[in-house]
Structures are given as structure tokens and as C-alpha cells.
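As C-alpha cells, the structure follows; a few thoughts come after it.
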């Protein structure tokens, strides 16, 4: 009798928990990592690559509808913001002259987005704004009131300089769980923290977002020169003069007798 | 072999830079011209930002001229007093030029101004060289010297006269300061030593003997490019020391070969090729200014 009672309680509890989990399903989450945490710019830096990899973790013990495919992954990499002046070339007196149009306080110095499908297919425009995803959103969120045409131009320039990439390498989702993506960094890379945002999307809804950071820094002689040039410009100027002069002096000693 | 230039913030092939320095060095050794007005446009062509190209090239000229100046100093071919006046003007010109540079940079017009100056100067120099070499070729058979040293009378009339022992002159100090000033501006805006302007100016305007002209001009160039380097480093943060050094390596070695080639070959006949090269570069920059650009919009880093 006691045994039967216990069984009923267990069954009841089990049932209850099942119902409760069904009513508020926990959405799946993301487990991700980066192949590098730091990218060093040294003397022979000629661009760099790193990998983002991860898996979709299902959080419900039972089969639940939210854990079912289709899943889609979007990966954004956003460089540190920099202040830029936007110029437009105008024909004046026969030749082309720059005219300053706008001063942009925070333009991302790098932006890359890749996904299992293109962004515009995964999320409609108003959803992109809502979820803060996409390059246009990145440029717009930091600077108020930018004309749409100007944004197009900023995107166009950035893409030409390989600083902005959209839909570069499509991500494949293995067994609806595993994914990885390779990001190419160009040579003209800003120093600072690069945000890596990984979004899990299902039916135009962002279920989970994981954020990580990759740090780009100049090291060795590069870092030293950069530090001197911008922090101690007087010393750097004198050093440049002395280096050039001593080089000239050595050269005159080496080649004096030969002519 | 790529090298990342810390101030230019691009990665360039190291051999390309040394090679460019070498070729310009050979040309400057052969024809006795400073390499600045050839080197800086070439740096634009390989994608170095003009501001960095100009400032780093000024520093390179400093190194290259220093070895030449030592040689002339030993032979006492330097009019130090005249040199000091030119330097005084040159430093003032350099301060003025770097300030102009900074203003145009902030206005976003720097590239245009630098390129415009280059069109003008490469055009003028190319034409002069071209016609002079044609004239030299046609006069050669008749063995007629075409150059004459002449004193301009208006220079004699100016006040503040000084005596220059080495040059054996008693003239006003005003034109020397003005010439220095003008060359100082050019050094800071175009990244050139200005030898091709100061040498003829010394001969034709000041009437200095040709023996001391080259030494004195090198003497003034090292000071003016030194000050220019310093001011660019402090005001515009645009001196790339790695770039200057690589160009120096190529340039100094190239110049040694250039001098030897110049002695063996008849450099005067090859001068016409240099003139054509200069005119071609002038044409390329001109076209960039007038042809409808592919990118109407540009983003410039706001420092």
C-alpha cells in the first residue's frame, strides 16, 4: 500500500514537471568558443584568420517543439568604433574636390556577418532593427540621423576596403547542432576589442545570443613605434631624425673609399 | 615577404620597398638629382597614404643627404654662412608648410593639394629636363657650352647686405631667406629636398660659384628635412620610421651604383629617359585629378 502510494506520487510529480516544462519551454542555448582570443599585429602581419565554433545545446529533458529544427546561425564580428569624416567628391573648376558631408562619431572599423542563410532571409528588416543585428543597424545605432544613401556609401566603401563583409562564407549546421565559421581579418586592422556575436534563430525569432571578444593588438616593435609616435611624438620625431642621420653616416663610411 | 608599416597601417612587400628605393637611388646617383620628387609619387602609386608618404620621405632624404653633406664638408665645398641663411628661411617655411599640411588634412583636401603640387612640379621639371636634354644632344657635336652664370641686377639693389667669404659674394640676405622659405614649404608639403629648385636658384639668383652650390644645398637640406620630420611627427603623427629605413637601405645602395653607371654611360643622353619618366608620372597624377573617380565618397579617419 505504501509502495503504491509512493508510485502515485512519483507519477504525479513526473507528470506535473512534464506539464510545467511544456508550458514554459526553455529555449536552446549556445555553447561557443573562438580559436584565438588575441590577434597580434607584428612586423610580418599580413592579415589573419580565426575560427568560431560552437553547438546548440537543448535545454529540455523531453522532446519539445522549440528544440526542433529549423535552426539558423548568424555570426557577427564587430570591430572597435572609430570617428570618420565622410567626404564627397565634387567637380569644381574642372577637377574633383572633396567636400565634407558628415562627421561620423562611431563607425565600426570592421564588420563581418555570416550565417546559414543570408541575414535578410532569416530576419525581416524590422526584426533586424529590433534585435540589433546587421551592419546598417551597427552604423545607425551609434550615429543618429544618417541618410540611407550615405549609409549605402559607407557600406560600399567598407566593402571595397574589405573591412565590411556580408554573407561571406555560408555556415553549415551539422546534425542541427554543430557549426563553425572562419573569419578573415584584413591587413588594415584597428587595435582594440572585436565583439563576436553568435545568434541562434528559429522562425524569425532570436532564441539565443552569445557574445565573445577577440582582442587585436600590436606587439613588439610595431607596438613600440605606435606608442612612441602617438604618445611621445617629440621623442619619436627626434628618434626618427637620429636614426636617419646615423644611417647616412654609416653609409658614408662604408662607401667612402670605394668611389 | 610582407612587412606591416606601423604608421601607414598597411602591409607591403619588403622587397618592393627596397627595390623602389634602389631604382630611385640609381636614378638620383646617375643624374645627381635628389630622389624625393620621384619617390613620393611612387609611394602614392603603391598605396601609401599621401600624408605618410610625404613625412616619411622627408625623413629618408635627411638620411640620404647626410652622407652626401659629409663628403662635401670634408672638401670644404659648403658656404656655411649662406647655408645658415637658407636654413633660417627653410625652417620658417617648414613650420608654415606643416601648418598648411595640417589645415588641409583637416579639411580633407590634403591629397588634392599634394597631388596638385606634384602635377605642377613634375610637369615643369619634366619639360625643362626634356628640352634641356634635347638641346644638349643637338649641341653636343658643336661643343658649345650653354650655361652662363649671370647676376640679376634687382638682387644687387636689395638692402641688408652681407659678405659671404666662401662664395666670394657681397649681396643682400633677403633673397637667400626667401629661397630657403620657399624650399621649406615644398619640403614639408611634397616630401622633397628641393635640390632641383635651390641649386638653380643659387646659381642664377644669388650668383654663387657652382663649386659650393651642391654642398651648400645638401647642408641646408639636412637641416630643413630634419625640422620637417620633427614637425610632421609632432603635428601630424605621419612619420613611418620603418618605411623611411627601408627606402634608405635601397636608396643608399642604389645611389652608389647610380654614380658608377653615370660615369660609365653618357648620363646626359639618358637624361631624356628620366624626363619622359617624370612626365609620365605627372600625366598619371593629372588624370587622377580630372577623370571621374570610381568612388565619389571617401571616409577619412578623424584623429
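Just so it is clear, none of the values below were taken in a lab; they were calculated from the coordinates. Since the model is a prediction, treat every value here as computed from it, not as a measurement. Counting neighbours? That spans all protein chains shown, and the Cβs are built from the backbone with ideal geometry, glycine included.
Below is a table of values for the structure above.
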quantity: Contact order normalised by residue count of chain B, Cα under 8 Å, 6+ apart, percent; calculated: 39
quantity: Inter-chain shielding of B:4-16 (mean C-beta neighbours from other protein chains, 10 Å cut-off); calculated: 5
quantity: Backbone N within the range A:63-95 under 20 Å of label point (7 Å from residue A:172 Cα along the Cβ vector); calculated: A:69-75
quantity: Convex hull volume of the protein assembly as shown per residue (C-alpha atoms, cubic angstrom); calculated: 190
quantity: Extended-chain gain in nm, criterion 0.36 nm per residue less alpha-carbon gap, residue B:211 and residue B:291; calculated: 24.3 nm
quantity: Two-site FRET efficiency, residue A:238 against residue A:151, from Cβ-Cβ distance with R₀ of 45 Å, rounded to 0.05; calculated: 0.55
quantity: Cα-Cα pairs of chain A separated by more than 35 Å (percent); calculated: 40
quantity: Shielding by partners - mean other protein chain Cβ count within 10 Å, residues of B:231-237; calculated: 5
quantity: Tilt relative to chain A, helix A:220-231 - C-alpha long axis, 0 to 90 degrees, to 10; calculated: 70
quantity: Spin-label model distance (nm) - residue A:126 vs residue A:26, 7 Å beyond Cα toward Cβ; calculated: 3.3
quantity: Share antiparallel - DSSP beta bridges, the range A:27-218, percent rounded to 5; calculated: 90
quantity: Highest average packing first - B:112-124, B:24-36, Cβ atoms within 10 Å; calculated: B:24-36, B:112-124
quantity: Relative contact order for the range A:27-218, counting Cα pairs under 8 Å that sit 6 or more residues apart, in percent; calculated: 34
quantity: Extended-chain gain in nm, criterion 0.36 nm per residue less alpha-carbon gap, residue A:105 and residue A:246; calculated: 46.6 nm
quantity: Mean Cβ count within 10 Å, highest first, over the residues of peptides A:189-197, B:77-85, B:285-293, A:37-45; calculated: B:77-85, A:189-197, A:37-45, B:285-293
quantity: Relative contact order %, the range A:138-259, counting alpha carbon pairs below 8 Å whose residues are six or more apart; calculated: 12
quantity: Chain B: calculated mean residue ellipticity at 222 nm from DSSP helix runs of at least 4, using -39500 (n - 2.57); calculated: -23500 deg cm²/dmol
quantity: Cα-projected label distance for residue A:65 with residue A:211, points at 7 Å along beta-carbon direction, nm; calculated: 3.2
quantity: Nearest-0.05 FRET efficiency for residue A:91 and residue A:137, computed from C-beta distance (R0 30 Å); calculated: 0.30
quantity: Partner chain coverage, peptide B:291-299 - average Cβ within 10 angstrom; calculated: 6
quantity: Two-site FRET efficiency, residue B:158 against residue A:182, from Cβ-Cβ distance with R₀ of 56 Å, rounded to 0.05; calculated: 0.20
quantity: Alpha-carbon centroid distance for the pair the range B:61-113 / the range B:161-220, whole angstrom; calculated: 11
quantity: Residues of the range B:1-33 with amide N under 16 Å of the 7 Å Cα→Cβ point at residue B:257; calculated: B:15-31
quantity: Tilt relative to chain B, helix B:267-290 - C-alpha long axis, 0 to 90 degrees, to 10; calculated: 40
quantity: Degrees between helix A:148-160 axis and first principal axis of chain A (Cα, 0 to 90, nearest 10); calculated: 70
quantity: Highest-MSF residue in chain A out of A:78, A:151, A:133 [GNM, Cα springs under 10 Å]; calculated: A:151
